[in-house]
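The values are calculated or read from the model by the stated rules, or taken from the named source; none is laboratory data. Everything quoted here is computed from the prediction, not taken from an experiment. As a convention, Cβ positions derive from the backbone with ideal geometry for all residues, glycine included, and neighbour counts pool all protein chains shown.
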Amino acid sequence: MTTITNDTNWWKTASIYQIYPKSFCDSGSKGTGDIQGIISKLDYLKLLGVDAIWLTPVYQSPMIDNGYDIADYYSINPDFGTMADFDELLAQAHQRGIRLIMDIVVNHTSTEHHWFQSALGDKQSPYRDYYIWKDPVEGSVPNNWQSKFGGSAWELDENTGQYFLHLFAKEQADLNWENPKVRAEVKEVISFWAEKGVDGFRLDVINLISKQQDFPSDQIGDGRRFYTDGPRVHEYLQEISESVFQKYGSVTVGEMSSTTLEHCQQYSSLDNKELSMVFNFHHLKVDYPNGEKWTKAPFDFNQLKQIFNHWQTGLNGKGWGALFWCNHDQPRVVSRLGNDQEYRVEAAKMLGASVHMMQGTPYVYQGEEIGMTNPGYTSIEQYRDVESTNMYDIMVNQQGVSHDDMMAILAQKSRDNSRTPMQWNGDEYAGFSKGQPWLEVAGNYQDINADNAVEDSDSVFYFYQKLIQLRKEVEVITSGNYLDLYPGHHSVFGYQRQSNHQTLICLNNYYGHESECVLPKEFECEKAKYLLGNYSDLDCDVSQHQVLRPYETRIILLEHSI
Ligand code: GLC
């Protein structure tokens, strides 16, 4: 039996696996994943070598936004199982030395939550002030803020004549953090799960909780500048950290929407006053021309390198970041920045190496470790995501974008691209469920699946296993500083990590043609060694002049003499 250690900084050498339960594994034939399904796959995760699981929401929810609309923070959605199943998952994960991180969504609740149900239509309700209500302005919405899922961020409560704020779907009402009772409830929710023994929390869109209280209309944007990294956000996080996170020794990762480096230095500052680490998304907007997500565009390679450089150098010694490409809101990276055809395996490995050799804590999203791809849906009926269907309606029915253009955009940008059922084997429904899945399985499951990957020693799976292992063995990956070696190179992303004892270089060719680069002079010595690559014949001495094959990655280590 493996046990969990007491090391409070365990997450600095850890890799974390994200599970989106609805799409992970169904223990029966419902067509939606469940907690027993997760338990049945813990040995697979153990083989991969991950240290912790981040479980996206499994609470009671009407599932308008697949669980990010919580109706009861203290109970498990029966679609996923029972509290007894959850307790078993926690115990079984811990037995294998795997920690568990819960997803906490406290910027908003479902409108089905009893707080909101009591507040709705009743200005005297004790819960009315748990939410954000405003009178109409000139007979219409209080300001021009836009929902992140399209349309106005305000919804009218006909009975009281006031609007409530929802930065996401209209079924997700924003909580009023100015109210100390709301903050007390949040602390109670988190304490409840910490008492159960969960090891940490991922905090959903946590930098949006503090809104500028005069709620001005935005003349130059969609309103986000009035609530992103808002006026009291640091104060709120410190309050929760002091009374809950520090008390339980929980690891915490905040999801930071449209944030800045300066704020993230503070959120994740090394004195641990707020959070352990942060997710930021700037590197995943390199295919949003002028910030526009809903358009089809190639990615900007130079911008990608600049963003990594900015965050890697900016957080070093000041804070801590999460390293990731994929999650349940992002398309599959191998389809997005790599190649999901001829060079799928090479590209998946190269992209994995690109982020795993940086400073931070890597997150692997289910299926990424076997190189799963976007499914390439061709019909709007195949999509389930509330954001995708809202945007289809707005862009096609209201703005006149053609159906075909919108289908091409969704095939590239929809969140459903990463939510297709996990591909376990070549059986019907990819072994995900015995019944028809809630979202269609990608057509390539007979080729790309976990069984095939585990049988093939050269698979993406074993490459990820090595990346996870290297972080534990090679000190410079955790501690070294960061230098972009070829900022202007058109196809190679190469960076160096350096500590007192070691220098590591990670070279990555992002394109399907050969690319050349020259190593720093000190690498011209016998001590430099290839640690890992994605082409099998890389066993020769390191030469200064490097010729990288399509989507090739090479990781090179130099131990310094002491
Ligand atoms: C986060 C979640 C996303 C959800 C949104 C609203 O961005 O990752 O899935 O829709 O918050 O809760």
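Things to note:
- For the range 215-269, the set of residues classified as closer than 30 Å to PRO136 by Cβ and without any contact (Cβ under 8 Å) to a residue 24 or more places away in the chain consists of GLN219, ILE220, GLY221, ARG225, GLY230, PRO231, listed by residue number.
- If you check VAL345, VAL364 for being part of a strand (DSSP E or B) and over 20 Å from LYS296 (Cα atoms), only one passes: VAL364.
- Exclusive hit being within 16 Å of the ligand (Cβ to nearest atom), at pLDDT 95 or above and more than 26 Å from HIS114 (Cβ to Cβ), set ASP218, ASP222: ASP222
- Hey, GLY352 over 24 Å from SER268 (Cβ atoms), crowded, with 23+ Cβ neighbours inside 10 Å and not polar (S, T, N, Q) or not: no
- Subset of the range 478-508 [out of contact with any Gly (no Cβ under 9 Å at 6 or more places or on another chain) and within 22 Å of GLN306 (Cβ to Cβ)]: GLY480, TYR482, LEU483, PRO487, GLY488, HIS489, HIS490, SER491, VAL492, PHE493, GLY494, TYR495
- Only listed residue being within 24 Å of SER210 (Cβ to Cβ), more than 23 Å from the chain's Cα centre (by Cα) and surrounded by fewer than 17 Cβ atoms within 10 Å (Cβ to Cβ), chosen from ASP129, ASP87, ASP122: ASP129
- Some residue of the range 296-311 being touching a helix residue (DSSP H, G or I) at 6+ places or on another chain (Cβ under 9 Å), within 17 Å of SER479 (Cα to Cα) and of a type in the set (D, E, K, R): no
- So GLU440, is it among the charged types (D, E, K, R), surrounded by 15 or more Cβ atoms within 10 Å (Cβ to Cβ) and under 30 Å from ASP458 (Cβ atoms): yes
- Evaluated against (1) buried (at least 22 other Cβ atoms within 10 Å of the Cβ); (2) in contact with a His (Cβ under 8 Å, 6 or more places away or on another chain), GLU155 falls short on exactly one condition, (1).
- Selected residue (only one of THR82, THR111 is in contact (Cβ under 8 Å) with a residue 60 or more places away in the chain and either within 16 Å of the ligand (Cβ to nearest atom) or among the hydroxyl-bearing types (Ser, Thr, Tyr) (or both)): THR111
Every residue, every condition in (1) touching a helix residue (DSSP H, G or I) at 6+ places or on another chain (Cβ under 6 Å); (2) within 16 Å of the ligand (Cβ to nearest atom); (3) closer than 20 Å to ALA84 by Cα, yes or no:
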| residue | (1), (2), (3) |
| --- | --- |
| ILE16 | no, yes, no |
| LYS22 | no, yes, yes |
| SER27 | yes, no, yes |
| GLY37 | no, no, yes |
| ASP51 | no, no, no |
| GLN60 | no, yes, yes |
| MET63 | no, yes, no |
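- Whichever residue in the range 144-182 is within 16 Å of the ligand (Cβ to nearest atom), among the charged types (D, E, K, R) and closer than 20 Å to VAL233 by Cα and, among such residues, is nearest to the chain's Cα centre (by Cα): LYS148
- Residue identified as more than 12 Å from TRP320 (Cα to Cα), without any contact (Cβ under 8 Å) to a residue 24 or more places away in the chain and not small (Gly, Ala, Ser) among LYS273, LYS293, LYS305, LYS285: LYS285
- The set of residues in the range 228-279 being of a type in the set (D, E, K, R) and surrounded by 15 or more Cβ atoms within 10 Å (Cβ to Cβ) consists of ASP229, ARG232, GLU239, GLU255, LYS273, GLU274.
- Members of the range 492-534 that are aliphatic (A, V, I, L, M) and touching a residue at least 60 places away in the same chain (Cβ under 8 Å): LEU504, LEU531, LEU532
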